[in-house]
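Visitor: One structure, as structure tokens, below. Some questions next.
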Amino acid sequence: MSEHTREAMEYDVVIVGAGPAGLSAAIRLKQLDSELDVVVLEKGSEVGAHILSGAVLDPCGLNALIPDWKEKGAPLNVPVKDDNFYMLGEVGKIRIPNWPMPPLMNNHGNYIVSMGNVCRWMAEQAEELGVEVFPGMSCSELVYADDGSVKGVVAGEFGKNADGTPGPGYEPGMELHGKYVFLGEGVRGSLSKEVIEKFDLSNGKEPQKYGLGMKEIWEIDPAKHKEGSVTHTMGWPLGSNAGGGSFIYHLDNNQVYVGFVVHLNYENPHLYPYMEFQRFKHHPMVKELLDGGKRVAYGARAISEGGYQSMPKMVAPGVALLGCSVGMVNVPRIKGNHNAMLSGKAAAEAAYAAIKDGRAADELSDYEADVREGAIGQDLMKVRNVKPLWSKRGLLASLTVGGFDMWTNTLGFSALGTLGHGKSDAEATGKASKFAPIDYPKPDGKLSFDRLTNVSFAATNHEESQPAHLKLKDEAIPVAVNLPKYGGPSARYCPAGVYEFVKDEKGDDKFVINFQNCVHCKTCDIKDPSQNINWTVPQGGDGPNYPNM
Ligand SMILES: Cc1cc2nc3c(=O)[nH]c(=O)nc-3n(C[C@H](O)[C@H](O)[C@H](O)COP(=O)(O)OP(=O)(O)OC[C@H]3O[C@@H](n4cnc5c(N)ncnc54)[C@H](O)[C@@H]3O)c2cc1C
């Protein structure tokens, strides 16, 4: 590629990812000093195209960043009016009353939002302040200085052939250099993964844990719609096979977000998270709500669940990890957007102070201290034992002992200390021979849909002539190890049908990667039991095109 030289552009701060974390950092930097040069690079075709957290938003992050967000027209239009928790059986349900729940579980004062639309609005605010926001720009490589510090990123490389060589319209992209580089890539970011490994940032921390979140938007019968209503369920259909649960949020315009999260530490490799989600919609409570309605969008994304004890060190020379690149989701609340915003703000304040002092390319340790000791750390500390209790002792222990621990932590002490998570989600996967296969009912095409039909509602698109962005470290492992030992779980854990085992013309097993279907959820990178799949960014603009998820 020697004939293809890359131009370089210099900034004060280069920000990867136009999610709530990256955009908050950009806005805060320009609020502090309008002269700073700040750029935000986003792989989605537009800001919001890859944002899937349709969402109950705790506005504390936005209040801190843009206190007059209401006057500025932020799309927070649906306040939460009622909060319901149910434990589901196959046909019945038990309502868990709100009164024993610790106050932090209360959604009063929160809003049901499309985070895609919130991010679109935040990008407008950033641009008005002078931030350069470039969607359709995947950051595919980190650039290091001679002293090993992170100096920038490569963005905007387009037009490779399937074998990785430059194609006819090849564009080498640019290097964007910054005094500091912020990685706001969200959960399991590809550059963040490299930084965590290179600088050994997880040393001494618990492994990060994840869930797979799948979501559909439904338009339902107006007579059944209850704007502002929030429902969470646990129990059926997962039972003891896996942790997880559902969410049903009624936004405006007769639309409902129906979502389902499966914790990725499940052992039984026959489990098929997507089909669990489809089956869930046949529960009488959900069926009654959705009957006569229409599914208008589908998407999936991993969610970080490790909490306080899994947060890696978040700074290294020249670079800081923001939001869910670190993993800042409060698991029992299923909320991370507020912490993503607060982390962006904190990183911006640390970088501003450093640049003012003439510093560059060092560790922003004030940012790390702010996250661990400030509002984010306090939010995550109170709930740190819920996930380990659920993983090791089951749902009931997590509800009772975990609920008690949340209460005592709210009052300022914990009887349990800090529990560990143990294995990574990949290591938790058991051998196929130890478990019976699970028989899933066929989708009916009204409430439940086959996977590929649903993927068409994610409007995902990848230029087919480029190399697959899902890279195998060893091409032999899927058929030689994962198929015989784990029953080929990628064919089931991927919510977009990217992976298949088929027979070739000789009747031998063959592994196929349909990378065009990928919705960028990152589950394969997390759950592959052999840790053989590396999710890398495809060229900019590829991937899902979510409307108002
Ligand atoms: C199903 C589900 C439901 C959820 N529900 C809620 C909820 O109700 N309330 C709540 O508060 N939180 C919720 N969350 C959690 C919330 O989504 C995250 O905490 C939040 O998105 C983290 O924000 P972020 O900015 O760190 O990352 P993200 O929102 O993931 O944004 C990252 C951005 O960076 C871009 N990007 C990534 N890598 C690159 C690259 N290399 N180059 C260029 N661009 C890149 C991505 O395309 C994306 O736009 C939910 C999550 C899921 C999966």
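Laboratory data are not the source of any read-out in this text; all were calculated from the coordinates shown. As the structure is a prediction and not an experimental result, all values here were calculated from the model. Cβ atoms come from the backbone with ideal geometry, glycine included; neighbour counts cover every protein chain shown.
Visitor: Using a 10 Å cut-off around each Cβ, can you sort 60, 524, 324 from fewest to most neighbouring Cβ atoms?
Guide: 60, 524, 324
Visitor: How much net charge surrounds residue 37 when only the other residues with a Cβ under 13 Å from the Cβ of residue 37 are counted, with Lys and Arg +1 and Asp and Glu -1?
Guide: -3
Visitor: Round to the nearest 0.05 the FRET efficiency obtained for residue 68 and residue 418 when R0 = 51 Å and r is the Cβ-Cβ distance.
Guide: Between residue 68 and residue 418 the formula returns 0.85.
Visitor: Using +1 at the C-beta of Lys and Arg and -1 at the C-beta of Asp and Glu, which of 139, 369, 290 has the Cα lying farthest in the positive direction of the dipole of the chain?
Guide: Sorting the options by dipole projection puts first 290.
Visitor: A further question follows. Note down the magnitude of the dipole of the chain about its Cα centre, charges +1 on Lys and Arg C-beta and -1 on Asp and Glu C-beta and zero elsewhere, to the nearest 20 debye.
Guide: Using only the charged Cβ atoms, the result is roughly 2360 debye.
Visitor: Using the alpha-carbon centroid of each, what span in Å lies between region 292-316 and region 13-92?
Guide: 14 Å
Visitor: Still on this structure: Can you find, among 172, 214, 201, the residue farthest towards the positive end of the dipole of region 144-218? Put +1 on the C-beta of Lys and Arg, -1 on that of Asp and Glu.
Guide: Checked the options; the winner is 214.
Visitor: Then there's this: P(r) for the chain, please, calculated from all Cα pair distances in 10 Å bins and given in %.
Guide: 4, 19, 30, 28, 15, 4, 0
Visitor: How long are the semi-axes of the ellipsoid equivalent to region 1-59, from square roots of 5 times the Cα gyration tensor eigenvalues, in whole Å, largest first?
Guide: Calculated on Cα positions only, the semi-axes equal 27, 19, 6 Å.
Visitor: Can you flag which of 281/345; 294/345; 160/313; 43/215 are past 31 Å Cα-Cα?
Guide: 281/345; 294/345; 160/313
Visitor: Cut-off 15 Å, label point 7 angstrom out along Cα-to-Cβ of residue 194: give me the residues of region 10-33 whose amide nitrogen falls inside.
Guide: Only 15-17 pass the distance filter.
Visitor: If you don't mind, another one. So if we plug the beta-carbon distance of residue 144 and residue 479 into 1/(1 + (r/R0)^6) with R0 = 41 Å, what FRET efficiency do we get, rounded to 0.05?
Guide: Computed FRET efficiency for residue 144 and residue 479 comes out at 0.70.
Visitor: Which aspartates and glutamates does residue 382 reach when only Cα atoms under 18 Å apart count, and residues fewer than 8 places away in its own chain are ignored?
Guide: Here the aspartates and glutamates satisfying the reach criterion relative to residue 382 are 58, 206, 305, 370, 373, 405.
Visitor: Count the net charge of all other residues whose Cβ sits under 12 Å from the Cβ of residue 109, scoring Lys and Arg as +1 and Asp and Glu as -1.
Guide: Computed value for this residue: -1.
Visitor: Now, a different point. Ranked by Cβ crowding within 10 angstrom, fewest neighbours first, how are 308, 266 ordered?
Guide: Least to most surrounded, the residues fall as 308, 266.
Visitor: Any chance you could run the full-extension gain for residue 431 through residue 501? It's 0.36 nm times the residue separation minus the Cα-Cα distance, nm to one decimal.
Guide: 23.4 nm
Visitor: I would also like to ask the following. Is there a pair in 93/522; 226/287; 193/473; 392/485; 205/485 whose C-alpha atoms are over 26 Å apart, and which pairs would that be?
Guide: Those over the limit are 93/522; 205/485.
Visitor: Continuing with this model, one more query. Under a Cβ-Cβ cut-off of 12 Å, what is the net charge of the residues other than residue 205 that fall near it, where Lys and Arg count +1 and Asp and Glu count -1?
Guide: +1
Visitor: Please identify every one of the GluC sites (Glu not before Pro) in region 407-473 that sits in a loop by DSSP and has no more than 13 other beta carbons within 10 Å of its own beta carbon.
Guide: When the GluC sites (Glu not before Pro) of region 407-473 are filtered for loop state and at most 13 Cβ neighbours within 10 Å, 464 remain.
Visitor: Starting from the Cα gyration tensor of region 428-496, take the square roots of the eigenvalues, sort them a ≥ b ≥ c, and report rounded, prolate or oblate (rounded when a/c is under 1.5, otherwise prolate if a/b is larger than b/c, else oblate).
Guide: Oblate shape, in that a/c is at least 1.5 and b/c is the bigger or equal ratio.
Visitor: State, to one decimal in nm, how far the label point of residue 31 lies from the label point of residue 353, with both points 7 Å from Cα in the Cβ direction.
Guide: Computed distance between label sites residue 31 and residue 353 equals 1.6 nm.
Visitor: Follow-up question, since we're still on this one. Counting Lys and Arg as +1 and Asp and Glu as -1, each charge on the Cβ, what is the dipole of region 130-256 about the Cα centre in debye, to the nearest 20?
Guide: For region 130-256, the charge dipole is close to 460 debye.
Visitor: Run the numbers on the chain and let me know its relative contact order in percent, using alpha-carbon pairs under 8 Å that are six or more apart.
Guide: Computed over the chain, the figure is 21 percent.
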